[in-house]
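Undergrad: Would you mind keeping the following structure in view while I ask a few things?
Any read-out appearing in this document is the output of simple, stated calculations on the displayed coordinates, not a laboratory observation. A quick note: this is a predicted structure, and the numbers were derived from the prediction, not measured. Every residue, glycine as well, gets a Cβ built from its backbone with ideal geometry; the counts of neighbours run over all protein chains shown.
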């Protein structure tokens, strides 16, 4: 009996298919007040006055809250510490006031009646201009304090810490206070190494702001309790994270905040403490339950999307040994708030899954009057891949070698020095590239009709290493209950059930995965960074093993057989080799749970800190056709080849890889949060912001390989971020092959492709 | 708001086989009536421009985005929501196909996707892949990349859902 490794339906499939799953928007406690936000119209302005009278006169409107009305205890430079604008508006769509009313309709009417009087300032939008010493500032009022907690999570997951501070002499470029950095990674003499390379290529690349576009908009509900504490129900990836951050903001003890994670209607990195500070503050201010869920348009205007970048990159290589050296300068638009900005990580990430002999890689985070930066699946990845993987292809072309051959020669292996200076963890880049060379879609690239192209690219996600804990209880009926504080992200609970069933030796129907909130759960990391299954899965395995040991100790006494000679198979405890002498797990469970039981109940505990991440490498292969008359790109075929360590549930793994691939097609062809010169959002709904639809994408062929991790449960690696990394590069290389010239700006829309096709 | 705007209107409709009478403001959207008045929260709201399809329901057997329909317009009709597709805790064949072929992940687009599939197969019991993709183009899924959904619709067709 092995459940790990077999394709099984999700354990939450029935509820979701019946419409029975209760998402945040489906909760409605007694006395609920509905919140709606007044969003800023200016991209940059000083708030002179907020006139609330007309709104308060509307029947049903209970309060209109501005920043002064929230009982905050501190300030910080993060969006999460500034839930409503404090005096200065720093992007169009920023929440300025929160209207609370007895009905959603009254709250909406109230929003229309609030008047925000402002004095406008120049909007800072152009990255190159913004970092010049004489640039106007995107933030007139500079807020002190450290960034904390949030960005560090993905920065660490992506590479290693903040980029090393640049030596004073190297930071020659004078910059304005809009620029954060430079973050710089240097090794060897990049200039000399490039000069000594057989071929050198370079280019400047631009990427767009992209929204996570989870189908369930952001939302949270805060309920004040009789003892003065607050319970927050939240569509969040990190319940413990939210608890810590809102407690800090409002100066209360973490024990007075209880966070219950609601089932996630998609998140992709974007659901971290955006709404929670608002409802928490409002509930404290008015003493009633407050719910706020954004509309789609509000989520586009006021969410935390992924940063645009300008990337300058130059790299060199030789035919015999592959890639040699690179030099890069990246401007990362962190918007008005850099909560999850990856400016410290992109100088590392731009090295890709490759070994280099020398590099000089730097970046600036740039404050502008656009949104604030959120995390989005493989943060920083689609941007750096778009630049790196196009140039690797161009270099291969210049050297006259096969593009995958060049990548294979250059793939980093365990122990090679990474761009962050640390040795690479075990990594299967070579295996993935070799497998990709054999893929039928890649082999097809030499025999295509006109206007078609096949492109390939590689990407890596370094993986996360969050610590976690879990418990496992043996129930009266012989089933086991695993308790975790990790919210189910993309089917993690289904994988946990397989891990628990196989580890204990019970049928999967006897396993219950119980999500617990921050008041009762063992500590859990946020569900993100491809770190959940990797860490929590292992904690669960350890907790189940512990419970099983306790059971076997007890059974050993009862059966008069040494514990080491007992096994549990299909819910039966039996001496090894004597299956007919078995007794059910329930038989023993009854004896440790009944009123007259004399032995203690069975409760296993698992704790785990991975120590090291396990990088996952993926190659994407894209086949496109362009219409030279219109510039339209059609994606005809697509394949993902990825090392997943161990596919705990092949169906779920395939789904992750297919979903990641299609999101990267969105990055490549369609998605862009565009602003006009005044900082007004032009693409604020599904009317203008295009996401891939079923008729615009092909089936995605998945061909994963399993090079086991020594750390993750059953050899599993975190897979979801790596699944999105290579797509922008593969699509760009496919489009270049079809068009005959390069497009260096995302997304590759019809006008851009048409210009490239017709400028030859 | 004038008194005329907020005066309650009486609407009678059949929802999942049961006759329901509601007194509601004329501006109430069908999706809000279903969710807030009838507590049928399986119908989801994913956008505000009628483009994501999460709120898809059947009205007299045809699929509609219930955020585009005023509840008063549905007066006298028969509405099927996701809660009316299976029978109690039993999944209908179309739902079972989605379950077995990984046609869902986060589940938020799922009710709308299932009802769009019912409509698609009612129109064409044996659609090819292109017809399936075209038929579901009005429903956005961000998790699956659509491959699992297409497989599910094929399996539902093979199980005779549209026949």
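Undergrad: Using only the alpha-carbon atoms of the protein assembly as shown as identical scatterers, what base-10 log of I(q)/I(0) does the Debye formula give at q = 0.07 Å⁻¹?
TA: Cα-only, vacuum Debye calculation for the protein assembly as shown: -0.57.
Undergrad: While we're on this one: Given axes a ≥ b ≥ c from the Cα gyration tensor, I'd like to know whether region A:21-60 is rounded (a/c under 1.5), prolate (a/b larger than b/c) or oblate.
TA: oblate
Undergrad: From the alpha carbon gyration tensor of region A:1-147, can you work out the equivalent ellipsoid semi-axes (sqrt of 5 times each eigenvalue) and give them in Å, largest to smallest?
TA: 37, 27, 14
Undergrad: Can you give the convex hull volume per residue for the Cα atoms of region A:641-714, as a whole number of Å³?
TA: Per-residue hull volume (Cα only) is 136 Å³.
Undergrad: Based on the alpha-carbon gyration tensor of region B:1-95, what equivalent-ellipsoid semi-axes (square roots of 5 times the eigenvalues) come out, in whole Å, largest first?
TA: Gyration-tensor ellipsoid for region B:1-95: 24, 15, 11 Å.
Undergrad: Moving on. For residue A:321 and residue A:177 in the same chain, what is the full-extension length gain: residue separation times 0.36 nm, less their Cα-Cα distance, in nm?
TA: Contour length minus Cα-Cα distance gives 47.6 nm.
Undergrad: May I pose another question? State the antiparallel share, in %, of DSSP beta bridges confined to region A:468-608, rounding to the nearest 5.
TA: Restricted to region A:468-608, the bridges split so that about 75 percent are antiparallel.
Undergrad: Output the Cα-based Rg and Dmax of region B:93-158 in Å, rounding Rg to one decimal and Dmax to a whole number.
TA: Rg, Dmax (Cα atoms, Å): 10.1, 28.
Undergrad: Further, regarding this structure: At q = 0.09, 0.12, 0.19 Å⁻¹, what log₁₀ I(q)/I(0) does a Debye calculation on the Cα points of region A:468-608 give, no solvent, two decimals?
TA: For region A:468-608 at q = 0.09, 0.12, 0.19 Å⁻¹, log10 I(q)/I(0) is -0.27, -0.46, -1.01.
Undergrad: If you don't mind, another one. If each DSSP helix of 4+ residues adds -39,500 (n - 2.57) and the sum is divided by the residues in chain B, what number results at 222 nm, nearest 500 deg cm²/dmol?
TA: -8000 deg cm²/dmol
Undergrad: Here is a follow-up. Any chance you could run the full-extension gain for residue A:126 through residue A:438? It's 0.36 nm times the residue separation minus the Cα-Cα distance, nm to one decimal.
TA: 107.9 nm
Undergrad: Hey, another quick one. In nanometres, what is the gap between the two model label sites at residue A:451 and residue A:312, each 7 Å from Cα along Cα-to-Cβ?
TA: Rounded to a tenth, the inter-label distance reads 3.8 nm.
Undergrad: Determine the calculated [θ] at 222 nm for chain A from helices alone, applying -39500 (n - 2.57) to every DSSP H run no shorter than 4 residues and normalising by the residue count; nearest 500 deg cm²/dmol.
TA: -7500 deg cm²/dmol
Undergrad: Express the relative contact order of region B:3-83 as a whole percentage, based on alpha carbon pairs under 8 Å and six or more residues apart in sequence.
TA: Relative contact order comes out at 35 percent.
Undergrad: Continuing with this model, one more query. For region B:36-163, taking Cα atoms only, what is the radius of gyration to one decimal and the Dmax to the nearest whole Å?
TA: Computed over the Cα atoms of region B:36-163, radius of gyration and Dmax are 13.7, 39 Å.
Undergrad: On a 0 to 90 degree scale, rounded to 10, what angle separates helix B:147-158 from the longest Cα axis of chain B?
TA: On a 0 to 90 degree scale, this one is about 90.
Undergrad: I want to verify the translational diffusion coefficient of region A:587-714 in µm²/s; compute it with Stokes-Einstein, Rh as the Kirkwood radius over Cα pairs, at 10 °C and 1.306 mPa s.
TA: 82
Undergrad: Mean 1/r over all different Cα pairs, inverted: what Kirkwood radius does region A:427-550 give, in Å?
TA: Averaging 1/r across every pair of different Cα atoms and inverting gives 17.0 Å.
Undergrad: Right, another one. Quick check: Cα centre of region B:88-153 to Cα centre of region A:689-743, how many Å?
TA: 23
Undergrad: Over chain A, calculate the relative contact order: mean separation of alpha carbon pairs under 8 Å at least 6 apart, over the residue count, as a percent.
TA: Relative contact order for chain A comes out at 15 percent.
Undergrad: Can you give the FRET efficiency for residue A:134 and residue A:475, using 1/(1 + (r/R0)^6), R0 = 56 Å, r = Cβ-Cβ distance, to the nearest 0.05?
TA: Plugging the Cβ-Cβ distance into 1/(1 + (r/R0)^6) gives 0.20.
Undergrad: Just the ratio, please: alpha-carbon radius of gyration of region A:246-401 over 2.2 N^0.38 Å, N its number of residues.
TA: Its radius of gyration relative to the 2.2 N^0.38 Å reference: 1.40.
Undergrad: Moving on to the next point. Can you tell me the FRET efficiency between residue A:520 and residue A:108 if r is taken as the Cβ-Cβ distance and R0 is 25 Å, rounded to the nearest 0.05?
TA: 0.10
Undergrad: Using the alpha-carbon centroid of each, what span in Å lies between region A:291-329 and region A:336-409?
TA: If you average the Cα positions of each part, the centres end up 7 Å apart.
Undergrad: Related question: Within 10 Å of each Cβ of B:94-103, how many other protein chain Cβ atoms are there on average?
TA: Other-chain Cβ atoms within 10 Å of each residue's Cβ, averaged: 5.
Undergrad: Pop a pseudo-label 7 angstrom from the Cα along the beta-carbon direction at both residue A:687 and residue A:253 and give the gap in nm to one decimal.
TA: In this crude label model, residue A:687 to residue A:253 measures out at 5.2 nm.
Undergrad: Treat each spin label as a single point 7 Å out from the Cα along the C-beta direction, and report the residue A:192 to residue B:37 distance in nm.
TA: 8.0
Undergrad: I'd like the distance separating the alpha-carbon centroids of region A:177-247 and region A:502-518, in whole Å.
TA: 33
Undergrad: Per residue of B:38-47, what is the mean number of Cβ atoms on other protein chains within 10 angstrom of that residue's Cβ?
TA: Average neighbour count from other chains, rounded to a whole number: 6.
Undergrad: Using a 10 Å cut-off around each Cβ of peptide A:261-272, what is the average number of partner chain Cβ atoms that fall inside?
TA: 3
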